């Protein structure tokens, strides 16, 4: 999912700065395959596809093999690893409907 979010951020940056013709390169084959699929259930994928389609320039997505000495790819990996060390921020999650339902069912069973 991080790779998909990275592609989304890149597309948003390109659109916000009107960069014309751009090639976004990723080593995530699964993210690129999801973006090339005709039907996709995940909203984030569909939003990226819509953003690319609506862009007045041209955005091309290209796959590159990971860990083969490509400078740009290696640098992106270094930055991603470094970013994981930056924040001590706690992320809290809201329970899903299933979790709430399961907890409710447990309470009822215990009565």
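The values are calculated or read from the model by the stated rules, or taken from the named source; none is laboratory data. All of these numbers come straight from a predicted model, not from anything done at the bench. Note that we place each Cβ from the backbone using ideal geometry, even for glycine, and neighbour counts take in every protein chain shown.
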Next item on the list: For the range 50-71, state whether one or more residues are in a helix (DSSP H, G or I) and touching a helix residue (DSSP H, G or I) at 6+ places or on another chain (Cβ under 7 Å).
Entry: yes
Checklist line | Among the residues listed as 86, 64, the single one being more than 22 Å from residue 15 (Cα to Cα), touching a residue at least 12 places away in the same chain (Cβ under 8 Å) and within 21 Å of the chain's Cα centre (by Cα) | finding: 64
Next item on the list: Quick one: in the range 29-44, of everything that is modelled with pLDDT under 90 and touching a helix residue (DSSP H, G or I) at 6+ places or on another chain (Cβ under 8 Å), which residue is nearest to residue 60 (Cα to Cα)?
Entry: 40
Next item on the list: Go through (1) over 15 Å from the mean Cα position of the chain (by Cα); (2) exposed (fewer than 12 other Cβ atoms within 10 Å of the Cβ); (3) at pLDDT 85 or above; (4) not in a strand (DSSP E or B) one by one and return the number of the condition residue 94 breaks.
Entry: (3)
Check: Looking at (1) under 18 Å from the mean Cα position of the chain (by Cα); (2) farther than 18 Å from residue 5 by Cα, which is the only condition residue 56 fails?
Finding: (1)
